[in-house]
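Everything below concerns the one structure shown next.
The values are calculated or read from the model by the stated rules, or taken from the named source; none is laboratory data. The shown structure was predicted, so the numbers you read here are calculated from the model rather than taken from an experiment. We place every Cβ from the backbone using ideal geometry, glycine too, and count neighbours over all the protein chains shown.
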Amino acid sequence: MSTQEASQAILYGAALGDALGWPVEFLSRRKMKAIYGPGGIQEPPDPALFTDDTQMTLALDEALVEVGDADMNSLMEATVRHFVAWKNAPETTERKPGHTVLDAVRMLESGTPWQDAGIVTKGCGSAMRVSGIGFLYQADPDRLRDVAHHSGLVTHNHPTADAGTIAAAYLVKLALDGVHPDEYLRQAMLFVDGISEEFDEAMLRVGHVLGWSDEEAATDHLGKGWTAEEAVAIAVYCVMRYPDDYVTAVRRAANIPGDSDSVACIAGGIMGARLGLEAIPGDWIARLEKLDYLTDVANRLAAQKQAIYG
């Protein structure tokens, strides 16, 4: 697929996972099944409204488009500007953003240096927004690691959040590279080696449960997705369980009694990178809110990648 198609597939894939998971976030499995049937939620609503996960992905992508090849301080200052603009947008409060991110962005807005604003938390709020980093710096793993690390530090200052953020971006790169999903765990763990034992342990649990026939028990064993290590682990599990089926992978990611939208957002971005636009149902894409804007951001990010790397 072309660079532009890949960028679109990643952003649409992540946004649709987010939109699929949002209606069931916080619901128990019993409640999900009572509302949506034995299989849980099966498709995004129409219109497919996304949460702060996609909003922050877009904000970070805008910063990458603006100054993607600049020095780190310039890139993070651009990230701060777009995060502050996101916080102050009228619709942001409707999407129920997390307290950690809001608190950190308020500090940034008040003048706290970006290096010092991050909250000491291992929440998944920095890992769910980095698919664009994996796309833009696909050919430069060192730059990918550095940008992912600093982009997370702006709001989440914890080793486990750091490992999850870097790994989430790197998994998009692996998917774009055509690496077989059987290799995702090993290669991602090597890439973040030494950052967080908690993250390593969570990823090892993925290997433990991959062969279980009871997928609900498997995702329950991995956690509820509120923290970075759990969100990335569950997303990777879903991708590895259904490596050639975008729809089934994001359905499994969304139907968890926890942070359904964030987990499905991460899984959706990886699956979009792996399988491309043709794997995502066209009627799902058509119902995405702000589709023209999503397409514009994806296309500008693709153009930035071509400008930097050719």
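Going residue by residue through region 42-53, is there one that turns out to be without any contact (Cβ under 8 Å) to a residue 40 or more places away in the chain and in a loop (DSSP other than H, G, I, E, B)? If you could, list the steps in order and put the result at the bottom.
Keep residues of region 42-53 that are without any contact (Cβ under 8 Å) to a residue 40 or more places away in the chain, which gives none.
Checked region 42-53: no residue is without any contact (Cβ under 8 Å) to a residue 40 or more places away in the chain and in a loop (DSSP other than H, G, I, E, B).
Quick check, is Lys96 within 21 Å of Glu230 (Cβ to Cβ), within 20 Å of the chain's Cα centre (by Cα), among the basic types (Lys, Arg) and surrounded by 23 or more Cβ atoms within 10 Å (Cβ to Cβ)? It is false that Lys96 is within 21 Å of Glu230 (Cβ to Cβ), within 20 Å of the chain's Cα centre (by Cα), among the basic types (Lys, Arg) and surrounded by 23 or more Cβ atoms within 10 Å (Cβ to Cβ). For region 58-78, the criterion of being touching a Cys at 6+ places or on another chain (Cβ under 7 Å), under 17 Å from Ala148 (Cβ atoms), surrounded by 20 or more Cβ atoms within 10 Å (Cβ to Cβ) and not acidic (Asp, Glu) is met by none of the residues. Of all residues in region 242-263, exactly one satisfies the criterion of being aromatic (Phe, Trp, Tyr) and either surrounded by 24 or more Cβ atoms within 10 Å (Cβ to Cβ) or part of a helix (DSSP H, G or I) (or both), namely Tyr246. Of the residues in region 208-226, at least one is surrounded by fewer than 24 Cβ atoms within 10 Å (Cβ to Cβ), of a type in the set (A, V, I, L, M, F, W, C), touching a strand residue (DSSP E or B) at 6+ places or on another chain (Cβ under 8 Å) and not in a helix (DSSP H, G or I).
Taking into account only those residues within region 99-129 that are polar (S, T, N, Q) and under 20 Å from the mean Cα position of the chain (by Cα), which is surrounded by the most Cβ atoms within 10 Å (Cβ to Cβ)? Walk me through it before giving the result.
Residues of region 99-129 polar (S, T, N, Q): 100, 110, 112, 115, 121, 126.
Remaining after also requiring under 20 Å from the mean Cα position of the chain (by Cα): 100, 121, 126.
Working: Thr100: 20, Thr121: 22, Ser126: 32.
Result: Ser126.
Report whether or not Ile234 is β-branched (Val, Ile, Thr), part of a helix (DSSP H, G or I) and either free of Cβ contacts under 8 Å to residues at least 12 places away in the same chain or within 21 Å of Pro141 (Cα to Cα) (or both). First the steps, then the outcome.
On the way: β-branched (Val, Ile, Thr): yes; part of a helix (DSSP H, G or I): yes; either free of Cβ contacts under 8 Å to residues at least 12 places away in the same chain or within 21 Å of Pro141 (Cα to Cα) (or both): no.
So Ile234 fails the test.
So, Lys96, is that one at positive phi and either in contact with a helix residue (DSSP H, G or I) (Cβ under 8 Å, 6 or more places away or on another chain) or modelled with pLDDT of 95 or more (or both) or not?
Details: at positive phi: yes; either in contact with a helix residue (DSSP H, G or I) (Cβ under 8 Å, 6 or more places away or on another chain) or modelled with pLDDT of 95 or more (or both): yes.
For Lys96, the condition - at positive phi and either in contact with a helix residue (DSSP H, G or I) (Cβ under 8 Å, 6 or more places away or on another chain) or modelled with pLDDT of 95 or more (or both) - is met.
Of the candidates Arg129, Arg145, the single residue that is in a loop (DSSP other than H, G, I, E, B), under 30 Å from Gly310 (Cα atoms) and either modelled with pLDDT under 95 or not aliphatic (A, V, I, L, M) (or both) is Arg129.
Here Asn299 passes the criteria (1) part of a helix (DSSP H, G or I); (2) closer than 27 Å to Thr219 by Cα except the one numbered (2).
Quick grid of which residues meet (1) among the charged types (D, E, K, R); (2) closer than 17 Å to Leu136 by Cα; (3) in a helix (DSSP H, G or I); (4) in contact with a His (Cβ under 9 Å, 6 or more places away or on another chain):
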| position | (1), (2), (3), (4) |
| --- | --- |
| Ala167 | no, yes, yes, no |
| Tyr170 | no, yes, yes, no |
| Leu176 | no, yes, yes, no |
| Glu183 | yes, no, yes, no |
| Ala188 | no, no, yes, no |
| Gly194 | no, no, no, no |
| Glu198 | yes, no, yes, no |
| Glu201 | yes, no, yes, no |
| Val206 | no, no, yes, no |
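Among the residues making up region 63-85, those that are modelled with pLDDT under 95 and either farther than 16 Å from Asp140 by Cα or hydrophobic (A, V, I, L, M, F, W, C) (or both) are Val67, Ala70.
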